[in-house]
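Okay, structure first, notes after.
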Amino acid sequence: MAYIGQSPSIGNFQVCDAISTVNGQATYNLTVSSVAVTPETANHVLCSVNGVLQKPGSSFTIVNSTIVFSANLVTNDVVDFVHILGSVLDLGVPSDSTVSLAKLTATGTKDATTFLRGDNTFAAAGGGMFELITTNTISSAVAQVDFTSTHITTTYRDYRIVATGIIGSADDVKSQFLFSTDGGSSFLTDSHYDFAFSNINSDDNNQQFETEVNQAAINISGASTQGNATGEAGSFIADIFDPLNQTSDNSFIHGIGRGCYYDTGGVLIHYAGSFGRPQANTEDDVYNGIRVKYSSGNIAQGIISLYGRKV
């Protein structure tokens, strides 16, 4: 809300205590309520002697907490007032949440994709940092979660999918990926996916391996199957490297994944491995869509998020 009337002034304006002149003396102490004060410069002081306003810098100077007149004062001289203006350009401490980006002097582009560095310049985020692109919170069953060309763009090079607390509607299922080359209008199920995952049961250190080629989907959870009973929800992370940089000489996609869940017996099941589509069996198109699903049934609940990393 704007002020009604004159806006308040900002600065430490002070009127000094009265000065008693001493015959033949040019230097006098400056105090306010008997406490010494130090003006910033002579230009921050209004001083009147014998009813005449003095010129700062030539009629008087300021030395710390004293005023020094250019000529000695005499007994009958009267110092009418010494008024310290304070720093008239000092805005003081701004209120919380009042300084906008437009008020900063930093160089570079100020937007949602940059950050302010210590040298007062804006720089693009990147260098290994993943940024959240979108997230899906599933509270009622869905068949799959799709990330399309709206999300897979040239803004980022690499992508990370993070699934937290997911569980299926069906029992004994595997977490799966499919890829798209048409922005997510359709997803490839042409038996050209390869993957290799190991699974470890933390209770007895039993280890299983699943290595497959020419499959219709990527089983990111490997040989293990996840149940849908209470306590069997799981989580995983999958990194997909440079899916948009595919050419006729380099037409493949690959990534790594790892995840875990507890079974109903309280045993931790861990899986980790890699996946891809080999060059010989893939199109020359870029991969600009990713589908997350279970091998059967729906995704009953969980949070599935997509992150991007710039070059």
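The values are calculated or read from the model by the stated rules, or taken from the named source; none is laboratory data. Values in this document were obtained by computation on a predicted structure and should not be read as measured data. In this analysis, Cβ positions are derived from the backbone assuming ideal geometry, glycine residues included, and neighbour counts consider all displayed protein chains.
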Segment 135-170: number of residues that are of a type outside the set (S, T, N, Q) and farther than 16 Å from residue 286 by Cβ
15
Per the list (1) at pLDDT below 90; (2) surrounded by fewer than 18 Cβ atoms within 10 Å (Cβ to Cβ), residue check on residue 303 breaks on (1)
Evaluate the following for residue 71: is it exposed (fewer than 11 other Cβ atoms within 10 Å of the Cβ), hydrophobic (A, V, I, L, M, F, W, C) and modelled with pLDDT of 85 or more?
yes
Could you grab the pairs with beta carbons closer than 7 Å, sequence gap of 6+ or different chains, first residue in segment 20-36 and within 18 Å of residue 69 (Cβ to Cβ) and assigned by TED's automatic domain parsing to the domain that holds residue 72, second one of a type in the set (Asp, Glu) and surrounded by 13 or more Cβ atoms within 10 Å (Cβ to Cβ)?
21/77; 31/17
For segment 157-172, how many residues are closer than 17 Å to residue 137 by Cα and part of a strand (DSSP E or B)?
9
Please find, within segment 7-27, the residue that is modelled with the highest pLDDT out of those that are in a loop (DSSP other than H, G, I, E, B) and under 48 Å from the mean Cα position of the chain (by Cα).
13
Pairs with Cβ under 6 Å, 6+ apart, first in segment 147-169 and within 20 Å of residue 183 (Cβ to Cβ), second of a type in the set (Phe, Trp, Tyr):
158/241; 160/130; 160/307
Candidates 204, 158 - the one that is surrounded by fewer than 15 Cβ atoms within 10 Å (Cβ to Cβ) and in the same structural domain as residue 288 (by TED's automatic domain parsing)
204
Is there a residue being farther than 17 Å from residue 293 by Cα, in contact with a strand residue (DSSP E or B) (Cβ under 7 Å, 6 or more places away or on another chain), modelled with pLDDT of 95 or more and not hydrophobic (A, V, I, L, M, F, W, C) anywhere in segment 150-158?
yes
Collect the residues in segment 104-119 that are over 26 Å from residue 133 (Cβ atoms) and either in contact (Cβ under 8 Å) with a residue 60 or more places away in the chain or exposed (fewer than 10 other Cβ atoms within 10 Å of the Cβ) (or both), keeping them in residue-number order.
105, 118, 119
Check whether at least one residue in segment 81-92 is modelled with pLDDT of 95 or more and hydrophobic (A, V, I, L, M, F, W, C), and report yes or no.
yes
